[in-house]
Every structure is written in C-alpha cells, then in structure tokens.
Amino acid sequence: MICSTTSADERTPISAAYIPLADHYAGIIAYEKYRDQMKKAEFSIHRMKSWPLLRGYFLDGMSDMAFVMSPLAMDMYSQSPIFRWVGQMHRDGNALAINDIINSYVDLPEKRIDRKPNPKVADAYTRVKESLGRPSQVGVPSLLATHMVVLYKYLKEHGKTLGIGTGSEHDVVAVAVPPPKAPAFIQRQNIKGVAASFEQSLPWADVVETQKFGHVAWYSKDVMPWPNGHVECIALASDVAIKNKREALKEVIYYIHQAGLDIEKAREEGGDAMKEIAAMVRRHIPEHNEQAIIQSLRKDLDVINYKNLNVEIAGIKMIMDLAVEGEILRELIDLDQFTDDSFATKITIQ
C-alpha cells in the first residue's frame, strides 16, 4: 500500500455502510488499496449485519454513504428524501440457488455456464407445492430487494406467481433471510428433506455449491438482460455529505470506480491476481471462502461486473417499473430528483 503525504487530520472523513456481498467488493478494494492515497477523504467502511440495520444507520446520519439494493433505496427515498443516488457498486450479480430436493425435479446441467432461467425451476416450484400442500420458501435478502424483481420477472415469464412473505395460492413464497444466513437456511431445509431455495447476491450461491449442499440454478444477468448489466446495488450519499463534503466524496467515488476496474483486471489475469482480491475481501468478510469468491468472479461466466458504475436512469427505471408492477414497491418515485449525476467519472467507462 502506497502511503500519502497528507495526514488523516487534514482529510475529511467519509464513512460508508455496507453488507457482506460481492456487490460491495469495489468499496472494500477501494478501502484496502487506496485509502492511504486519498488526499481529500479519510475513507472508512462499516459492515452492517442486516439491511434494516443499514437502513436505520444511514438514515440516522451515522454514515455519509450507503451501498443499497435499488428497490430498497427507492423505498427509503419515498419515505425520507434526504440523500441522492450518486453511482453504482456493480452490475448484475445475483443468483438463484436450490437445494437437492428441488434439483431432483430440475436436474441441472453440470457446468454452471449451461444453467439458464428456463421453465424447469419454475415448474419444480409448482410440483413441490403440490407435494407439500403449500408453497416452498425462497430466501431473499429483503422483500425490497432487486432479487425480488428478478424473481418476479422470471416467474411471470413462465406463468408462475410469487408470494411476498405469505400466500398459499402462489407457486413459491419469498421470505427475508439476511445474506450471511442464507447458506444455513438452505442447508437446514436440506437436512430436513424440505424443498428450499434462495435468491441472493454473489457469492452466497457459490458458497452453497462449493460446500456441496446446494446448487446454482441460474444467474440474474440471464433473467434481466440489459446493456452493460442490470442495475443492482447502488451508492447513496446523504444530502449533508453532498453539500459539506463534496470534494472528499467525489474522491471516494473515483477510487471505488478505480477499484472496480482493478477487480475486472484481476478477473482477466486470474491466478495470483484473483487470490490477492480474495485476500483483501476476506479481511472484511472471512465467511466468503476463497473458492466461492473466485467462482463468483469467473470471467468466463461473467455474471457480475464492476464497470460503467455511473448513474443510469433508464436502467433503474426498468427495475422500478417492474417492482411497482409486482407490488414489491408501493409507488414510483421521481428519478430525476433521486439522482445526482455530478459524481460521474470517465475512468469507469474506459
């Protein structure tokens, strides 16, 4: 790590709240590689145990930034418009994992690259419901997650329905499961012989597959195709930070974008470069095993990317419209008011 000649006392504190997901790796890498090079910002990251805790922490003014799933961010904004969307943390990046019981109906291809969102899992949900006499549960990080939008779209396209929290008439019911607890959720049900699945951000689906108690069924990029990858977790900054810490905030966002490109370069190189990225991540998220991180970032699968991280209204509008249609979000928001594009960088699109 290169040390700066600027002391921390002369820099402006910028704190960011995050959840342990591959979605937020660029924030971790920016902290690990560049915090001592920053001339204007004294950058810190703070891991949250759950989305509700992160929501409260950020809205209470405990952090300047938060890395948040886009529907959750829009719901937060509709209730408390005291922040703006200033960038993205990644594109694409979540996956459906199923346990052995559901896979007995599906029989997934051996190679992950061949696993696509065809009707098989959707049909398996209906067959499991008929067998159980009730819908099975699919764990999502929040009922206001982008993952809910992806699931809704997948099931709708195959003539199936998604219950939100409850709903015996639906083919499958989504329940909130904090991301770090998702592997245990699917493992417990597997041991009991009960069908279960989860739709979570990477690398949790890869964790269950590498540890052999679940299977990656498909990736969100194939359900939600979008130029450069669909919008998922986004970077928020409080209005107070935007007003009072603009230059420091701009520097942090620049280095998050640079860290995204560093991850992309490591994905291209593989080997030691990927192991170095994994080691930096594991200092903050030790439960992400090295193999799961590497599998999630495989370039041949290309199921998450950290390029083109500037705000993109058309991309988030697609998410918002589907979320409202699926009754995941209660109302539309004014995306022009929600968005601050003044923190865009050129580096992220090179």
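The values are calculated or read from the model by the stated rules, or taken from the named source; none is laboratory data. If you're wondering where the values come from, they're calculated on a predicted model, not measured in any experiment. Note that we place each Cβ from the backbone using ideal geometry, even for glycine, and neighbour counts take in every protein chain shown.
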Checking the structure you have, find out if any residue of the stretch 128-146 is at pLDDT 95 or above, closer than 30 Å to K250 by Cα and either of a type in the set (F, W, Y) or in a helix (DSSP H, G or I) (or both).
yes
In the stretch 188-210, the residues that are in contact (Cβ under 8 Å) with a residue 60 or more places away in the chain, over 18 Å from the mean Cα position of the chain (by Cα) and more than 17 Å from V106 (Cα to Cα)
Q189, T210
Got a number for residues in the stretch 98-117 being touching an Asp or Glu at 6+ places or on another chain (Cβ under 7 Å) and either at pLDDT 95 or above or not assigned by TED's automatic domain parsing to the domain that holds T146 (or both)?
2
If G229 satisfies every condition in (1) surrounded by 23 or more Cβ atoms within 10 Å (Cβ to Cβ); (2) outside any loop (DSSP other than H, G, I, E, B) but one, which is the exception?
(2)
So V208, is it in a helix (DSSP H, G or I) and not assigned by TED's automatic domain parsing to the domain that holds Q295:
yes
Looking at the stretch 189-220 only, could you name the residues that are surrounded by 23 or more Cβ atoms within 10 Å (Cβ to Cβ) and among the charged types (D, E, K, R)?
E199, D206
Number of positions in the stretch 303-339 that are surrounded by fewer than 20 Cβ atoms within 10 Å (Cβ to Cβ) and either assigned by TED's automatic domain parsing to the domain that holds V216 or of a type in the set (S, T, N, Q) (or both)
4
Would a scan of the stretch 227-237 turn up a residue that is closer than 25 Å to A97 by Cβ, at pLDDT 95 or above and of a type in the set (A, V, I, L, M)?
yes
Across the stretch 152-183, which residue is surrounded by the fewest Cβ atoms within 10 Å (Cβ to Cβ) among those that are of a type in the set (A, V, I, L, M) and part of a helix (DSSP H, G or I)?
L155
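Here is a yes/no grid of residues against (1) among the hydrophobic types (A, V, I, L, M, F, W, C); (2) touching a residue at least 24 places away in the same chain (Cβ under 8 Å); (3) on the phi < 0 side of the Ramachandran plot; (4) assigned by TED's automatic domain parsing to the domain that holds K317:
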position: P179; (1), (2), (3), (4): no, yes, yes, no
position: V216; (1), (2), (3), (4): yes, yes, yes, no
position: A241; (1), (2), (3), (4): yes, yes, yes, yes
position: A259; (1), (2), (3), (4): yes, yes, yes, yes
Output for the stretch 257-276, where each listed residue is closer than 25 Å to V86 by Cα, of a type outside the set (D, E) and surrounded by 16 or more Cβ atoms within 10 Å (Cβ to Cβ)
H257, Q258, A259, G260, L261, I263
Condition (residue is crowded, with 24+ Cβ neighbours inside 10 Å, assigned to a strand (DSSP E or B), under 21 Å from the mean Cα position of the chain (by Cα) and not assigned by TED's automatic domain parsing to the domain that holds A174) applied to the stretch 21-34: is it met by at least one residue?
no
Considering residues of the stretch 131-151 that are in contact with a strand residue (DSSP E or B) (Cβ under 8 Å, 6 or more places away or on another chain) and either surrounded by fewer than 18 Cβ atoms within 10 Å (Cβ to Cβ) or of a type in the set (S, T, N, Q) (or both) only, the residue nearest to M74 (Cα to Cα):
T146
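Listed residues I186, I253; which is assigned by TED's automatic domain parsing to the domain that holds D60 and buried (at least 22 other Cβ atoms within 10 Å of the Cβ)?
After ruling out the rest, the residue left standing is I253.
E247 - would you say it is closer than 15 Å to S296 by Cβ, surrounded by fewer than 21 Cβ atoms within 10 Å (Cβ to Cβ), charged (D, E, K, R) and modelled with pLDDT of 95 or more?
no
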If you take just the helices (runs of 4 or more DSSP H) that sit entirely in the stretch 234-350, which of them hold at least 3 residues that are over 20 Å from the mean Cα position of the chain (by Cα) and of a type in the set (D, E)?
246-269
Determine whether the stretch 99-113 contains at least one residue that is touching a strand residue (DSSP E or B) at 6+ places or on another chain (Cβ under 6 Å) and closer than 30 Å to L335 by Cβ.
no
